[in-house]
Amino acid sequence: MAPAYNIAMVCDFFFPQPGGIESHIYQLSTKLIDRGHKVIIITHAYEGRTGVRYLTNGLKVYHVPFMVIYRSATFPAVLSFFPIFRNIVLRERIDIVHGHASLSSLCHEAILHARTMGLRTVYTDHSLFGFADAASILANKLLKFSLSDVDHVICVSHTCKENTVLRASLDPLMVSVIPNAVVAENFKPLSGPATSSISAGAGGQSFGHHHGPPPARQLGPHDTITIVVISRLFYNKGTDLLTAAIPRILENHPNTRFIIAGSGPKSIDLEQMIEQNVLQDRVEMLGPIRHEEVRDVMVRGHIYLHPSLTEAFGTVIVEAASCGLYVVCTQVGGIPEVLPSHMTVFAKPEEDDLVAATGKAIAALRANKVRTELFHEQVKNMYSWTNVALRTERVYNGISGAISEAEFYSYDAASAVAAASWTANRGRSGVQSFALIDRLKRYYGCGIWAGKLFCLVVIVDYLLFLFLELWYPRDKIDICPDWPRKKVKQQQQQQRKES
Amino acid sequence: MAPPSGLHQSAIPSDFEAGPFPPLVRSSTVPASLQTHRADPSHLAPEDAFAPFSPPRRSGLFDVGGGNGSGNEMQRQRRVRRSKEDGSRSRSNRRKRFQKLLWVKQSYPDNYTDQATFLENLQRNPRVQPYDFWPLVADSTVIVQHVCSVIIFIVCFVGIFQERVSPVSVVGWGSCATFLGWLLWDFWVEQETQGAAVDGGGPIRRERSVSCGRRGYREREREPPPPRRQDSSHLGLPTPHNASTASFSSTSNLPSAASSSTNLLQDHSQQRSFAAAGSYVTTGNGNSTSNLLIPGHAHSRSVSSVHSVASQTSAARAGSVVETEEEFRHRTTQPPQGRGRAFLRLEAIKSAVLIYFTLLGLSPILKSLTRSTSSDSIWAMSFWLLAINIFFFDYSGSWGPGIHKFPVGALSTNAALMASTVLASRLPSTGQVFSLTLFSIEVFGLFPVFRRVARLRSWRYHVILTVLLVMGAGGGVGMVLGEQRGWRSWKNGLLGIVVGCLISALAMGGCSWWLIGLQKYKNEIYGPWDPARPIIISRRHWDE
C-alpha cells in the first residue's frame, strides 16, 4: 500500500513553549508515527532545550541554535540555515519537509532549501491575515515567495484556505483543508460520559449508547448558570466586547455568574468594569492558567462564551463543546465552520447581539432544550488526531506520487486533455518539477521587482547547495539509525474493513 | 491506496445532518456558467486567485462550460463517469452537496474547491468613496498656497542676495502686509465676538472637538483672555517676557534651538482646553512678529495659572483637570471683553517690538554663523529643509487637538526657520540678515495662521489669496530668472505670472485627474478573515 515516509516537521514554535501550533505539531507527529512513518521535528533552541532530544513515541526533535528576535520567531537570515538543515535532512533521509505557521521564518527557509535539494514540501497555515496594513502586505509577499514553490498547502479551515489562496496566489486545488483536532480524552465533562467513553473505547463507538444516553443535566429555573471565558485578554480576542457585555448579561439574568481565565493587557479593563459595577461576587477572574487546567475550569460552567474578533479555527470552542458546554461565539473567521449549530449560538461581533445571543443560550439551557451531555461523544466523533493524520497522509501520498495525479486532484477523464498541457509544467505524476529553470519561472511571477529579487535568492541558494555538495559531500554524512517503526497500520486497515 | 471518499464513509449521525443550513444554490455537478459567476462583480471567482505565472494554472477545471457546447459535453461525461464510480458502491452513497463545514465528514477530498461557495464572502472595495474632480482641485489650493509662499521667500532671498532688491523694502512690505493681515484678523475676531453675543449669552459650553467649524472658532473667541489672569497671579515673578526673549534669541541664534520655541507653539495646540484657546486669541491679536512667540508664552502662563488654581483649590477639587478648567474659566470671565482685547493688542505690539530688537541684536552673530561652511552645502541644506517644510506642513486646516500623533507642524516650521537662518548667514551685511530672518518669521510663522483663518472664514478670500500668491510667485521667479534690470524685468515678471498661473492650473488639474485615474487600481479585499470591528455601544457609559 502507501509507502512510509520520512517526514521533517519544521517550525519555530515547539515545546517547551505552550500553544496551539505546538500541540498541533506534536499530536500530528505522534499520530503519523503511529501510522508507521518516521517523523522528526526541527525547531530552534530554547533555553534549556538544545541539541537533539527524543520525545514519547520515538519522536526526535532537533533544536537548531538560532537567534530569536520576536516572540520566539528566529531571525530571517535566508541562507544561514541551509548547511545544518542539509545535514539533518541527509542524516535522517527525509523525503518530505512539512513547515508550519506563517510567522515562522525557519519554516519558510526550510521549504526553500528543501525544494533546492529536491524534496517534497508541505506547508500548514494556522492563521489569518488581512490585506490592508503594511505589515500584512510585507508578510503576504514573503508568504508568496516561499509558497511559490511548494507542493501542497494545508489550511485549518475553509476561511483560512480562502485567505491563504488569496495571499499567496495559489491554485485552490493544491490547498487542502484539514482541521485541527482535540484530544477528547483530555476534555471530558464532569460526570456521566466518563464511564460511557471508556466503554466506547473498548467496545466500539456504536456501543457507547449501550448504557443508555448519559443522564441529562437538569437545570432548575433558579439554578445558577456559570458562563466560562478562557482566552488571552487581547484586543483581537474581543475582550472589549466582553467587557461591555458582561454587566448587561448579568443585569438581564439574575442567576448567572462568570468565570474568566486568562491574562493580557485588557485585563485591567475587565477589572475596572467589575469594580465600577460592583460585580465582584458574580465575576471570578482566575488569571493565567495552564493548558492542563483548562478542562478543570471549563467543567465548572454551563456556557462557554467566545467573543473573539478573528480566529482561523478556534480549537478552544471545540474543547469547550467536548467538555459539555453550550458555546456562544462570534461569527468571525473560521468559527462558523467548526461546530454544528445545535452546540452553538452565533452572534455578530456587536455588543447588543452578543448580549442577545447569551440570553438565548441561557434561556435554552433553562428550558433544558440543549442536551449538552451528548456533546462529548459527538465532538469525539467529529475531531480526532488520528483522522487528521490520515488525511495528512493522503496529502503526502498525493505529492509523492503514490496517489495518481488524477485522483489526488480529482481529475476526470474529460478534463485530462486540458490537463495535459499543465502536466508538462508539473513534471511527473502531479508533482512540480525540480528543474531550476522551472522553479525560477514560478518565483518570477511574484511581482515586478520582488520576482527578480526572489529569483536571485533562489539562484544563490542553489549555488550554496552546489558548494555544500562539494565541501561536505553526501557520503561523508552519517546515516542515523531509525527508531523502530510501528506496525499498527495493518491493524487499523483491518479495523476499517470490519467497520 | 486509500480512496478519498473512503476516508469519510463513516456514518454521520443523523443528529448532524439536521443542521439548519440554507441549501446551497448549486452543487458542483451543475455546470457553472461563467455568466452567472460574473454576475456579481463584488465576488471573486476562483480563477481570480491565480497569479499569471505561478503556480501553473490549469485550465479546464474552472472554465468548464465557458459558453461553448464542449464544456457541457465534458460535464456530462464527468457526470457519467462519476455515476459509474458511485455505482460500484452502494446507491445510497451518492455525493452529498459540499458544505463549507469542518465537523461534517464529507465525501469530498480535502483539496476539493467548491465553485459555488469558494470565496463567496469576498468583497472588493466595499468602502471606497470615489473622488470628484472639482473638490479635489479646490483642496489642492492649500498646497499651492504653501508652495507659492515658499517660492516667494526664495525669490526674496535671491533678490537680496543678488542685491536687486533692497532688504529694507522686502521686510517693509512684508511687515505692512502682516500688519494689514493682523488688522483684518482682528476685525474678523470682533465680528465673531459680536455675532456670538447676539447668538445668546448662555453658559459657555466647550465642545470636545475644536475642529475647524465656525462654532469652534467662535468659542475660541468667547474665551476670556488668559494673560490677564496670569499677570495677576504671577506678579511676583520677573517679567515673563524676559524668558520669552531669551528663548527667542536662542531661536534665531542656533537653528536647533528654534525647535524649542516652535515646539511650544505646537505644544499649545495639543493642549486641548482653554489654554489652547487663550493662546489662539493671543495669536490672532498679536502683531506680526509677536505671534510666533506669544502662543507658547501664553500657553505656559495659562498652564502655570491652572496649576496655581489647582493648588489653591486642591482641597476641594479631586484633582480632575476638567474641574480645574471650570474653576479657571469662572475666575477669568471677570475681566470685561473690551479691556481684555485692548490689553491683548498692547501685548502683541510689545512682543513685536521685543522680537524686532532681539533680531536686530542677533543679526551680527547670525551673519558669521556659517562662514566656515561652503555655499554649496548651504544651498543643498536649505533645499532639503524647505522640502521638509513643504512635505510635512500641516495642510489639514483644522485646529483640533490630537489630529497628529507626531507633531508634523512643528517639524515643518522648524525646518523652514532653520533654512532661513542658514540662508541668512550667507548674506554679507547685518541689515540683510536681519531683514531676511524677520521676513522668514512672517512667512513661515504667521502667514500660515492667517491663511488658515482666511480659509475658514470665507472661500472667496481663500481663492483670492491663492491667485495672488500664484501670481506673486510666478512674477517673482520671472523677474529673478531674467537677467535684465529696469522695465525689461517687469516684462519678465509679467511673463512669469502667466507661466506661473498656467503651471499651477495644469498641476492642480493634472494631479487631481491623475489621482482620480489611479483609483481604478484600487483593490481592497475584505473577507471573513479580516478581524471584525466590534460595535460597542455602552462603552461611553463607563469609559468617561
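In terms of the Cα gyration tensor, with a ≥ b ≥ c the square roots of its eigenvalues, is region A:8-66 rounded because a/c is under 1.5, prolate because a/b exceeds b/c, or oblate? Because a/c hits 1.5 or more and a/b exceeds b/c, region A:8-66 counts as prolate. Between the amide H of residue A:40 and those of A:7, A:8, A:9, distances stay under 5 Å, these residues lying 5 or more places away or on another chain, with hydrogens modeled in the peptide plane. Normalising the average separation of contacting C-alpha pairs (under 8 angstrom, six or more residues apart) by the number of residues puts the relative contact order of region A:323-369 at 36 percent. With 26 Å as the limit, the listed pairs A:161/A:348; A:38/A:141; A:141/B:105; A:31/A:369; A:360/B:105 have A:38/A:141; A:141/B:105; A:31/A:369; A:360/B:105 beyond it between alpha carbons.
Model label points for residue B:524 and residue A:268, set 7 angstrom from Cα along the Cα-to-Cβ axis, are 3.1 nm apart.
With the highest mean first, a sort of the peptides B:522-533, B:371-382, B:436-447 on other beta-carbon atoms found within 10 angstrom per residue produces B:436-447, B:522-533, B:371-382. Counting other Cβ atoms within 10 Å as a rough exposure proxy, the listed residues A:263, B:140, B:363 run A:263, B:140, B:363 from fewest neighbours to most.
Rounded, prolate or oblate: pick one for region A:283-372, where a ≥ b ≥ c are the square roots of the eigenvalues of its C-alpha gyration tensor, a/c under 1.5 means rounded, and failing that, prolate if a/b is larger than b/c, else oblate. Rounded, because the longest to shortest axis ratio a/c is under 1.5. Helical runs assigned H by DSSP (4 residues or longer) give chain A a calculated mean residue ellipticity at 222 nm of -13000 deg cm²/dmol, each run adding -39500 (n - 2.57) before division by the residue total.
Based on C-alpha pairs under 8 angstrom that are at least 6 apart in sequence, chain A has a relative contact order of 16 percent.
Using a 4.7 Å Cβ-Cβ cutoff, the cysteines of chain A lacking any partner cysteine are A:11, A:107, A:323, A:329, A:446, A:455, A:480. Shape call for region A:185-382 from the C-alpha gyration tensor, a ≥ b ≥ c root eigenvalues: rounded (a/c under 1.5), prolate (a/b greater than b/c) or oblate? Prolate, since a/c reaches 1.5 and a/b exceeds b/c.
If both residues of a DSSP beta bridge must be in chain A, then about 15% of such bridges are antiparallel.
Computed from the coordinates by the stated procedures, all read-outs in this text should not be read as laboratory data. What you see is a predicted model, and the numbers here were worked out from it, not measured in a lab. Note that we place each Cβ from the backbone using ideal geometry, even for glycine, and neighbour counts take in every protein chain shown.
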